[in-house]
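Reviewing the structure listed below.
Laboratory data are not the source of any read-out in this text; all were calculated from the coordinates shown. Bear in mind the structure is a predicted one, so any value in this text is a computation, not a measurement. Cβ coordinates were reconstructed from backbone atoms using ideal geometry, including for glycine residues, and neighbour counts include every protein chain displayed.
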C-alpha cells in the first residue's frame, strides 16, 4: 500500500518486506508526506545498517527482524560477535550470523553423512536438528527452514537495538513512534 493510501486510511502501522533502496525510500516518503504511524516494521531492507545510517535520525524507531543480533544468547553467538568486533571494530552485520550458521549446518551435515556424496549430504541436511548461532536449525519436508522464534530490533539513536525477546532485550521499545515534528 503506497504511503498516501496508508495515511488516508489512517493505518496505525506499516509492515513491509522491502529491499534496502525501497525501505529507505519508504521512510523518506513517510516523512515528506508527514505520515506518522505508531509503528513501522521493515523486514530485510532495514537490516543493512550502513545504508540505514544514511537516514540519520529519520531511521530511528523503525522495527526490523533478523536471525542474528549481537545480543542473542545462542551458542557461539557471543564468540562470533567478539571475533567480528576484533577484526572490524564494529558490531557484526546481521547477515554474518546467517552465513556462519549456514557453514555450521553444512559442515555438520557433511560430518554426519560421512561422505562428500551429494545424496548423502542432502539426506543429512534434511535430517538436521541442531543449534547454531542463529538458533535451532531444522528443515521442513519441503526444504524450508523451521523458524520457531523471532528477534525484533528497533533502531534507536542509529543502533539496531534488540527489543524482543525479553531474555535478550537491550531496552524497551519506544512505542508509539514519535511524530516527525517531535524528533
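Apart from one condition, residue 121 fits all of (1) part of a helix (DSSP H, G or I); (2) under 17 Å from residue 75 (Cα atoms); the exception is (2). Set side by side, the residues 172, 116, 144, 125 differ, and just one is surrounded by 15 or more Cβ atoms within 10 Å (Cβ to Cβ) and out of contact with any strand residue (DSSP E or B) (no Cβ under 6 Å at 6 or more places or on another chain), which is 125. Taking first residues from segment 142-160 that are farther than 30 Å from residue 55 by Cα and partners that are not in a strand (DSSP E or B), the Cβ contacts under 6 Å between residues at least 6 apart in sequence or on separate chains come to 146/140.
List the strands (runs of 3 or more DSSP E) that sit entirely inside segment 1-106 and contain at least 1 residues that are more than 18 Å from residue 170 (Cβ to Cβ). Outline the logic, then answer.
On the way: elements: 13-18, 39-44, 63-65.
Output list reads 13-18, 39-44.
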